[in-house]
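Structure record follows, encoded as structure tokens.
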Amino acid sequence: MIRVLVADDHPIVRGGIVALLSAADDIEVVAEAPDGLEAVRLAGVHSPDVVLMDLRMPGLDGDEAAARVVILTTYESDASILTAIEAGASGYLLKAAPQEEILAGVRSVARGEVALAPSIAAMLVQRVAKPVVTLSPRETEVLALVAQGSSNPDIARSFYLSEATVKTHLLHVFEKLGVSDRTRAVTRAMELGIL
């Protein structure tokens, strides 16, 4: 039997997860927790094989208590996923997933494997693959000044350009980096080693 602790701060959601797991012949729910701190306490008492925990919890988030934890959440953002995985989560599944996917994830983690929702796995592969992005020398110079906190008028004066030309350079940068704002352009460029 796979011994599971379920932690979710929404009683109805937690009840649904418990019902799903309890219906499986090879899974036993040994404890339920309404918050992260209680989940950690109960994990110490019951020594579950797997902890199925929401990412955002009162007291202690799932990513803060991530060892031997499968995150079961609605959050699909890059930052949330990476934080949980870097903290040691053994899996990251979405609440909207089919029931069999959630059960398979619990079974995988119990075997010592990693369980990732297909959309999460695809996102991680894309992130690791780091697409080759090439900015023109001028786009790189403009972005470097953005990183230093320069405004469009300041950048225009620095390069003797019109503000419209600076905006055009930034639009090209956004498009090439796949972002929609200045801050994300700078952080993405840093992630890719452009800045």
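For region 121-195, which helices (runs of 4 or more DSSP H) that fit wholly inside it have 3 or more residues that are within 26 Å of the chain's Cα centre (by Cα) and touching a residue at least 40 places away in the same chain (Cβ under 8 Å)?
Numbers: elements: 137-147, 152-159, 163-177, 182-191.
The helices (runs of 4 or more DSSP H) meeting that bar are 182-191.
Quick one: which of Arg157, Arg127 is at pLDDT below 95 and charged (D, E, K, R)?
Answer to the check: Arg127.
Identify, from the list Arg107, Arg184, Arg111, the residue that is not aliphatic (A, V, I, L, M) and not assigned by TED's automatic domain parsing to the domain that holds Val18. Give the derivation first.
On the way: Arg107 fails: not assigned by TED's automatic domain parsing to the domain that holds Val18; Arg111 fails: not assigned by TED's automatic domain parsing to the domain that holds Val18.
Arg184 is the lone residue from the list that is not aliphatic (A, V, I, L, M) and not assigned by TED's automatic domain parsing to the domain that holds Val18.
Tell me yes or no: at least one residue of region 133-140 is surrounded by 13 or more Cβ atoms within 10 Å (Cβ to Cβ), farther than 30 Å from Val18 by Cβ and of a type in the set (Gly, Ala, Ser). Break it down into steps so the answer makes sense when it comes.
Restricting attention to region 133-140, the residues satisfying the condition of being surrounded by 13 or more Cβ atoms within 10 Å (Cβ to Cβ) are 133, 135, 138-140.
Now drop any that are not farther than 30 Å from Val18 by Cβ, which leaves 133, 135, 138-140.
Next, from what is left, pick out any that are of a type in the set (Gly, Ala, Ser): none.
Within region 133-140 (the criterion being surrounded by 13 or more Cβ atoms within 10 Å (Cβ to Cβ), farther than 30 Å from Val18 by Cβ and of a type in the set (Gly, Ala, Ser)), the answer is no, since none of the residues qualifies.
Out of the residues in region 105-123 that are among the hydrophobic types (A, V, I, L, M, F, W, C) and surrounded by fewer than 16 Cβ atoms within 10 Å (Cβ to Cβ), which is nearest to Leu170 (Cα to Cα)?
Ala122
Could you list, in sequence order, all residues of region 7-26 that are farther than 19 Å from Gly59 by Cα and touching a residue at least 12 places away in the same chain (Cβ under 8 Å)?
Answer for region 7-26, where residues must be farther than 19 Å from Gly59 by Cα and touching a residue at least 12 places away in the same chain (Cβ under 8 Å): Ile17, Val18, Leu20, Leu21, Ala24, Asp26.
State whether the residues of region 24-35 include one that is within 18 Å of the chain's Cα centre (by Cα) and farther than 17 Å from Met1 by Cβ.
No, there is no match, as no residue in region 24-35 is within 18 Å of the chain's Cα centre (by Cα) and farther than 17 Å from Met1 by Cβ.
The values are calculated or read from the model by the stated rules, or taken from the named source; none is laboratory data. The structure displayed is predicted, hence computed values, not measured ones. Positions of Cβ are backbone-derived with ideal geometry, glycine not excepted, and every protein chain shown enters the neighbour counts.
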